[in-house]
Structure formats: C-alpha cells, structure tokens
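Colleague: Sending over a structure as structure tokens; questions will come in a sec.
The values are calculated or read from the model by the stated rules, or taken from the named source; none is laboratory data. Please read these numbers as outputs of a predicted model, since none were measured by experiment. Using ideal geometry, Cβ is built from the backbone for each residue, glycine included, and neighbour counts are taken over all protein chains shown. Only protein heavy atoms, including side chains, enter the accessible area calculation; ligands, DNA and RNA are left aside. Shrake-Rupley method; radii C 1.70, N 1.55, O 1.52, S 1.80 Å.
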Amino acid sequence: MTAIHDRYELPPEKAALHRRAVRLEWWTIAFFVVAITVLAVVLGQSQAMKAAWVEDILALAPPIAFLVANRYRNRAPDDEHPYGHHRSVAIAFLASALALLALGGYILVESVLRLVEGERPPLGLIEVFGHTLWLGWPMIVVLLATMVPAILLGRAKTKLAVQLHDKVLHADAEMNRADWLTALAAVLGIVGIGAGLWWADAVAAIVISADIVRDGLRTTRTAVADLMDRRPRTVADNRPHPLPAQLTTLALDQPWVADAWLRLREEGHVFVGELFVVPRPGTDDLVGRLDRLSRLLRDADWRMHDIAVVPVPAIHR
C-alpha cells in the first residue's frame, strides 16, 4: 500500500528556522559582494590574497544554490515529477560541494606553482589621504574585517543545518569556514612577506587549500552518494542516521507484524522509502492496519515525508 504524504511544508517550528536560514543566505550574498569589491581594491600580488579573493567569489555558489533550491523543494508532485521536487536540495548540495572542491583545487595548484617557481610577490606602496603606506597594512585590515562575519555566519548556519537536516546549508557553513581560514592564511602570508620570508605567502595558501580540498572531496562524495540513494546520514558527522532503526523497531512493536524491513533514502531535507512487513497469520483488516502503520511512521519524525508499507510473505535479508 502506498501512502502519499500531503505535507509539503516544514513543521511550524522548522519553518521558522528555515526562514532564518533564508535570511542568513541573503546576508551572506550581500557580505561576499562587499568583500569581493573591497578585496579587489587592495589585491596586490600576494598569492594568498588572490586566493582569498577567488574564494569569496566561489563562496557565492552555495547560498545561491540554497535559495534556488528553496523555490522548488516544496512544490507538489505533478505528472512530470510524481515524486515531487525535493531532489532540488540534493542537486544544490552537489553544486555547493563542487564549488568547495574547485576552490581548494585552484588555490592549491596556483600556490604550488608559485612556490616551485620561487616567485617573490611585491606588495608595493599605496597612498591614503596623502600618506604613503605599505600595501600590506590595508590588506591585513581588510582580511581581518572579512573574517569576523564569515565566522559568525558559519557558526549560525552549522547549528541551523543540523536542526533542519539541510546539507546545503552545512556545505555553505563549510565554505564560510574555508573563507575565514583563507583570510587568516593570507594575513600570515602578508606578514611573512613583510618579514622577508618570500615563501611564507605560498606556503600559507598551500596549507589552507589542502584542508579545503579535503573538505571538498568529503562533501562531494557525500552529495554523490545521496543522489545514488544511499541510506540516510547525519548532517554534522556523516554517520548512518538512527531514524531507520527507530522506525523499524516501531513497526516490529506492532502485535500483528511478524517481521519487517525498512529502506529509506534522502530527498533533500526529507526521507522517503518503503517498509516491507510480514503480517502474522489470521491478521484481519490488513488494509486498515497498513494505512495506520504508515501514518504512525510518518508522524514519528518530521523528516518522514512519504513511505509505502507493503505486505510480503517473507523477507529475505
């Protein structure tokens, strides 16, 4: 028996959190547009500084992907999309992961090449209100100023991502982490250049970009696995989600159920799947029992969006 869930919106408390997440993403876009513009003014020849600038450009991808997916994820099923549009969230998650991976890869390759070539980045001087300053000082000021919003935005999104089971939001939080780490590396590189350590700029960028590549690879693997209908995973630590085991136990607790096996997959922030049950001999009103069990499982957790309860003679594990 197939039970079609008629809820497409989040529960009221989750909907309020999601509206906050949407506002955060709009603030993120505004912040990075300003940061990109300001960094372009003081860019100079620092490799780590350029890395921070490119990172800010790529950091626009996750919030844009989140907002685009938000326009589609709650649309009701239609003839062309009988399962709904929840996979738009998974596609946005993949786009965010690829942006993170591309960022780290670009910075890593560029930094290694600069280090191998022994390039010594000249920072030069700049005139501000009639005073001549070393360009490194305004660079450092701008970088430190951009770090604070990135840290605050990332922390806020990480908390919301877990509460909403939203991996796009979590990937965006990882991008914000990469942003302030890159800015920190750029500061260290600029200080190194000022101290006469020409290689400090490239080394700082290599260390941070390697960490970004690691996060990008891990996030991309997770995004691809979710699109291939892997069993649900938690947002923060990517471990098997406990909900399938809990729902299976709930089904086996029904007196008329002799055996049960559940399979779930993620479609964005919600779960869908099938429960196969072996009714006990002599079970009456089977259709009604299947329908009630389906509703019980859906009501057990807000993430359960659609589940088909199917009677079978036996389960072969």
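Colleague: Does ARG231 satisfy the condition of being assigned to a loop (DSSP other than H, G, I, E, B) and open to solvent by 20 Å² or more (accessible area, probe 1.4 Å)?
Modeller: On the way: assigned to a loop (DSSP other than H, G, I, E, B): yes; open to solvent by 20 Å² or more (accessible area, probe 1.4 Å): yes.
So ARG231 passes the test.
Colleague: Then there is this: I'd like the residue in the stretch 210-232 that is of a type in the set (Asp, Glu) and in contact (Cβ under 8 Å) with a residue 60 or more places away in the chain and, out of all such residues, is farthest from LEU275 (Cα to Cα). It would help to see each step written out before you state the result.
Modeller: Kept after step one, since they are of a type in the set (Asp, Glu), are these residues of the stretch 210-232: 211, 215, 226, 229.
From what is left, the residues that are in contact (Cβ under 8 Å) with a residue 60 or more places away in the chain are 211, 215, 226.
Working: ASP211: 40, ASP215: 34, ASP226: 19 Å.
The residue in question is ASP211.
Colleague: While we're on this one: Collect the residues in the stretch 252-263 that are under 26 Å from HIS86 (Cα atoms) and surrounded by fewer than 21 Cβ atoms within 10 Å (Cβ to Cβ), keeping them in residue-number order.
Modeller: Within the stretch 252-263, TRP261, ARG263 qualify.
Colleague: Kindly list the number of the only condition in (1) in a loop (DSSP other than H, G, I, E, B); (2) without any contact (Cβ under 8 Å) to a residue 60 or more places away in the chain; (3) among the small types (Gly, Ala, Ser) that fails for ALA260.
Modeller: With respect to (1) in a loop (DSSP other than H, G, I, E, B); (2) without any contact (Cβ under 8 Å) to a residue 60 or more places away in the chain; (3) among the small types (Gly, Ala, Ser), ALA260 is out only on (1).
Colleague: Looking only at residues in the stretch 274-296 that are touching a helix residue (DSSP H, G or I) at 6+ places or on another chain (Cβ under 8 Å) and within 13 Å of VAL310 (Cα to Cα), which one is most open to solvent (accessible area, probe 1.4 Å)?
Modeller: In this case the residue turns out to be PRO279.
Colleague: Which of (1) modelled with pLDDT of 95 or more; (2) touching an Asp or Glu at 6+ places or on another chain (Cβ under 6 Å) is the odd one out, the single condition VAL257 does not satisfy?
Modeller: VAL257 satisfies all of (1) modelled with pLDDT of 95 or more; (2) touching an Asp or Glu at 6+ places or on another chain (Cβ under 6 Å) except (2).
Colleague: Go through the stretch 272-317 residue by residue and tally those that are in a strand (DSSP E or B), more than 16 Å from ALA260 (Cα to Cα) and at pLDDT 90 or above.
Modeller: Looking only at that region, the number is 2.
Colleague: Just need a number here: residues in the stretch 200-223 that are under 20 Å from VAL235 (Cβ atoms) and open to solvent by 60 Å² or more (accessible area, probe 1.4 Å).
Modeller: The total comes to 4.
Colleague: Need the failing condition index for LEU197 against (1) under 18 Å from the mean Cα position of the chain (by Cα); (2) surrounded by fewer than 24 Cβ atoms within 10 Å (Cβ to Cβ), just the number.
Modeller: (1)
Colleague: When the stretch 53-108 is examined, which residues are found to be open to solvent by less than 60 Å² (accessible area, probe 1.4 Å), more than 30 Å from ILE140 (Cα to Cα) and among the charged types (D, E, K, R)?
Modeller: Matches in the stretch 53-108: ARG73 only.
Colleague: From ALA178, ALA225, which residue is part of a helix (DSSP H, G or I) and in contact with a helix residue (DSSP H, G or I) (Cβ under 7 Å, 6 or more places away or on another chain)?
Modeller: None of the other options fit; the residue is ALA178.
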